[in-house]
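A quick write-up on the structure given underneath.
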Amino acid sequence: MPWTVINNQDGYYLRKLLDRATPEQPVRMRLDVQGEEQGPDKRYSYNVYGVLPGQSGKYILHITHIDGFLYAQHCNGGGVAMQMAMAKHYAALPADARRHGLIFLFVGDHENPGVGATDKFVEANRDLMENDLLVVLRPEKPGMVQELDEGWISSIPTNVMTPQMLMVTNRSPLLTDLFQQAATLYNITTMEFVYPDPASDETNFHPPYFDAAVISAGWATGTRYYHTTADYENNLVRPAVLEKQGRAYAYVIDELMKYNKADLEQGGTAYTAEKSIYQSDILKLLLGNH
């Protein structure tokens, strides 16, 4: 089905109606769809990536998507800007300063996976994925400040970044600790839980699509302005916040240079989830009528 978007207020109302529905009184709506299925001859995209080799032959993969809806400043223009700055930073360092190599991957089809996104990169680089990948770092929708929402006073930007949710697919104690250290050092606002469910870009690194014990980790935000123009119109994505998050990710990368994959697996759990964050129990709790 094509993607469609409704506003935040209508979405919450519809969600409450669905939660209260019964077999005798279901929620009814009519949706007229006019469209056509387009194959790769009409619809295609590309991935772009840069490689900085390291001494160990292992790689840290840093991924962000370059497509998006509307102005796409929050999802995911901020991530693209941050990753470009980090690639420039690490490319300026001497090669012997990198124990592990770095791959900066920009995927071209996050919103409609299948014609130039993570799955294509995995297919083309299976040996690297299975044998030489240390971890996947995925910053998603960085750089946004939170708006005041206090009664009738709302939609006023603050100087506080939107709280980040931390994903670590195997719940690695070491990875979790590194992100917590980075959050403290660079004043990153985070929620007090770690979830294991991958979202769109990193889903194809994991079962049931691919099973090579890949570990993914990174901060993400979920706001009421997801896939709207408010990120641009309300000036919510700020360079100062992007810089803080970029420095925090660079701290995590620098610390990861000291470790190998066995260290990241120690004390963790095998990834077993078979659904992404979009279908997870977390969103049901956050958005449901509870």
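Return yes or no: is GLN34 open to solvent by 80 Å² or more (accessible area, probe 1.4 Å), at pLDDT below 85 and out of contact with any strand residue (DSSP E or B) (no Cβ under 8 Å at 6 or more places or on another chain)?
Values: open to solvent by 80 Å² or more (accessible area, probe 1.4 Å): yes; at pLDDT below 85: yes; out of contact with any strand residue (DSSP E or B) (no Cβ under 8 Å at 6 or more places or on another chain): yes.
Yes.
Could you check region 94-134 and list, in sequence order, the residues that are touching a Ser or Thr at 6+ places or on another chain (Cβ under 7 Å) and under 13 Å from ILE63 (Cα atoms)?
PHE106, VAL107, GLY108, ASP109, HIS110
For LYS275, indicate whether it is of a type in the set (D, E, K, R), over 27 Å from VAL160 (Cβ atoms), modelled with pLDDT under 95 and surrounded by 12 or more Cβ atoms within 10 Å (Cβ to Cβ).
Numbers: of a type in the set (D, E, K, R): yes; over 27 Å from VAL160 (Cβ atoms): yes; modelled with pLDDT under 95: yes; surrounded by 12 or more Cβ atoms within 10 Å (Cβ to Cβ): yes.
It is true that LYS275 is of a type in the set (D, E, K, R), over 27 Å from VAL160 (Cβ atoms), modelled with pLDDT under 95 and surrounded by 12 or more Cβ atoms within 10 Å (Cβ to Cβ).
Among (1) closer than 19 Å to VAL122 by Cα; (2) more than 18 Å from the chain's Cα centre (by Cα), there is one condition ILE66 misses while meeting the rest; what is its number?
So the condition that ILE66 fails would be (2).
Between residues in region 166-188 that are within 13 Å of TYR251 (Cβ to Cβ) and residues that are open to solvent by less than 10 Å² (accessible area, probe 1.4 Å) and polar (S, T, N, Q), which pairs lie under 8 Å by C-beta distance while being six or more apart or on different chains?
Pairs found: ALA183/GLN164; TYR186/GLN245; ILE188/GLN164; ILE188/GLN245.
Filter region 138-157 down to the residues that are among the acidic types (Asp, Glu) and surrounded by 15 or more Cβ atoms within 10 Å (Cβ to Cβ), then identify the one that is nearest to MET191 (Cα to Cα).
First, the residues of region 138-157 that are among the acidic types (Asp, Glu): 140, 147, 149-150.
Then keep just the ones that are surrounded by 15 or more Cβ atoms within 10 Å (Cβ to Cβ); that gives 140, 147.
Numbers: GLU140: 15, GLU147: 17 Å.
So, considering only residues that are among the acidic types (Asp, Glu) and surrounded by 15 or more Cβ atoms within 10 Å (Cβ to Cβ), the one nearest to MET191 (Cα to Cα) is GLU140.
Scanning region 112-127 for residues that are in a loop (DSSP other than H, G, I, E, B) and touching an Asp or Glu at 6+ places or on another chain (Cβ under 7 Å), which turns out modelled with the highest pLDDT? Reasoning before the result, please.
The initial filter retains those residues of region 112-127 that are in a loop (DSSP other than H, G, I, E, B), namely 112-117, 125.
When the remaining residues are screened for being touching an Asp or Glu at 6+ places or on another chain (Cβ under 7 Å), the result is 113, 115-117.
Numbers: PRO113: 59, VAL115: 64, GLY116: 65, ALA117: 77.
Out of the qualifying residues, it is ALA117.
Does region 119-130 contain any residue that is at positive phi and in contact with a Phe, Trp or Tyr (Cβ under 7 Å, 6 or more places away or on another chain)?
We begin by selecting, within region 119-130, every residue at positive phi; these are none.
No - not one qualifying residue is present in region 119-130.
If a residue must be crowded, with 18+ Cβ neighbours inside 10 Å and aliphatic (A, V, I, L, M), how many such residues does region 115-127 contain?
Start the filter on region 115-127 by keeping residues that are crowded, with 18+ Cβ neighbours inside 10 Å, which leaves 116-122.
Checking which are aliphatic (A, V, I, L, M) leaves us with 117, 122.
The number of residues fulfilling the criteria is 2.
Can you tell me which condition VAL160 does not meet? The list is (1) open to solvent by 10 Å² or more (accessible area, probe 1.4 Å); (2) in contact with a Ser or Thr (Cβ under 9 Å, 6 or more places away or on another chain); (3) part of a helix (DSSP H, G or I), and all the others hold.
Against the list (1) open to solvent by 10 Å² or more (accessible area, probe 1.4 Å); (2) in contact with a Ser or Thr (Cβ under 9 Å, 6 or more places away or on another chain); (3) part of a helix (DSSP H, G or I), VAL160 comes up short only on (3).
When residues of region 85-111 are filtered for being assigned to a loop (DSSP other than H, G, I, E, B), crowded, with 22+ Cβ neighbours inside 10 Å and either among the aliphatic types (A, V, I, L, M) or touching a helix residue (DSSP H, G or I) at 6+ places or on another chain (Cβ under 6 Å) (or both), how many remain? Please lay out each step first, then the result.
Residues of region 85-111 assigned to a loop (DSSP other than H, G, I, E, B): 92-94, 98-100, 108-111.
Checking the rest, the ones that are also crowded, with 22+ Cβ neighbours inside 10 Å come to 100, 109-110.
Restricting the remaining residues to those that are either among the aliphatic types (A, V, I, L, M) or touching a helix residue (DSSP H, G or I) at 6+ places or on another chain (Cβ under 6 Å) (or both) gives 110.
Qualifying residue count for the region: 1.
Out of ASP67, ASP19, ASP109, ASP96, I need the residue that is of a type in the set (D, E, K, R) and at pLDDT below 80. Which one? Write out each step before concluding.
On the way: ASP67 fails: at pLDDT below 80; ASP19 fails: at pLDDT below 80; ASP96 fails: at pLDDT below 80.
Just a single option satisfies the conditions, and that option is ASP109.
Considering only region 199-211, I want to know if a residue exists there that is open to solvent by 20 Å² or more (accessible area, probe 1.4 Å) and free of Cβ contacts under 8 Å to residues at least 60 places away in the same chain.
yes
So, of the residues in region 229-272 that are of a type in the set (Ser, Thr, Tyr) and modelled with pLDDT of 80 or more, which turns out to be most open to solvent (accessible area, probe 1.4 Å)?
The initial filter retains those residues of region 229-272 that are of a type in the set (Ser, Thr, Tyr), namely 229, 232, 249, 251, 259, 269, 271-272.
Filter once more, keeping what is modelled with pLDDT of 80 or more: 229, 232, 249, 251, 259, 269.
Numbers: THR229: 41, TYR232: 122, TYR249: 0, TYR251: 42, TYR259: 64, THR269: 73 Å².
Across region 229-272, the extreme among qualifying residues is TYR232.
Residue by residue, here is whether (1) more than 24 Å from THR221 (Cα to Cα); (2) in a helix (DSSP H, G or I); (3) of a type in the set (Lys, Arg) holds:
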position	(1), (2), (3)
HIS62	no, no, no
ASN76	no, yes, no
GLN83	no, yes, no
MET129	yes, yes, no
SER154	no, no, no
LEU166	no, no, no
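The values are calculated or read from the model by the stated rules, or taken from the named source; none is laboratory data. The model shown is predicted, which means the values in this text are computed figures rather than measured ones. Please note: Cβ atoms are built from the backbone with ideal geometry, for glycine as well, and neighbour counts cover all protein chains shown. Heads up: the accessible areas ignore ligands, DNA and RNA and are worked out on the full protein's heavy atoms, side chains in. Shrake-Rupley method; radii C 1.70, N 1.55, O 1.52, S 1.80 Å.
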